[in-house]
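The values are calculated or read from the model by the stated rules, or taken from the named source; none is laboratory data. If you're wondering where the values come from, they're calculated on a predicted model, not measured in any experiment. Reconstructed Cβ throughout: ideal geometry from the backbone, glycine too, with neighbour counts over all protein chains shown.
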Amino acid sequence: MLCGGAGVVLRGDCVCGSAQKEQKAETRVVTDQLGRTVSVPVEVNNAGVLQHQTLNIIVQLDAVDKVTGILSSWKRQLGANYARLAPRLETLPMPGDLSEVNIESLLAIQPQVVFVTNYAPPEMIE
């Protein structure tokens, strides 16, 4: 299930980890930029980020430890020296970006949410 929209969810119903498999995490219902109602976990510990603006905000909030995968074009979008602000970015898997995503690679990082934008290709969001 793809639920795109800026800062919203791609596969937001994912339950990760053995403890979470036993009981579903508490969720919050939000409306994405495409007008859809989606449920997101109240506490996100595994996020995929396929949009550079969102990645920049996450770095500024010092929340990179919650990110399990990032967009493949992050260096081009944010600059090669951006890693000095968050060295962990250099080690994260890169399952794709806004124009193309490898679903198998994305699912392998087990995200609770994936941040995309409302102008991602419709076939990616659907």
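Taking the condition of being part of a loop (DSSP other than H, G, I, E, B) and either crowded, with 20+ Cβ neighbours inside 10 Å or of a type in the set (Phe, Trp, Tyr) (or both), how many residues in the stretch 113-123 meet it? Write out each step before concluding.
Narrowing the stretch 113-123 to residues part of a loop (DSSP other than H, G, I, E, B): 117-121.
Adding the requirement that they be either crowded, with 20+ Cβ neighbours inside 10 Å or of a type in the set (Phe, Trp, Tyr) (or both) leaves 119-120.
Selection size over the stretch 113-123: 2.
Which members of the stretch 101-112 meet the condition of being surrounded by 14 or more Cβ atoms within 10 Å (Cβ to Cβ), out of contact with any Cys (no Cβ under 9 Å at 6 or more places or on another chain) and either assigned to a loop (DSSP other than H, G, I, E, B) or of a type in the set (A, V, I, L, M) (or both)?
Residues satisfying the conditions are Val101, Leu106, Ile109.
Please go through (1) in contact with a strand residue (DSSP E or B) (Cβ under 6 Å, 6 or more places away or on another chain); (2) modelled with pLDDT under 95 for Ile70 and return the number of the only condition it doesn't satisfy.
Answer for Ile70: the failing condition is (2).
Testing Val64 on (1) touching a residue at least 40 places away in the same chain (Cβ under 8 Å); (2) surrounded by 15 or more Cβ atoms within 10 Å (Cβ to Cβ); (3) under 25 Å from Thr27 (Cβ atoms), one condition comes back false. Which one is that?
Answer for Val64: the failing condition is (1).
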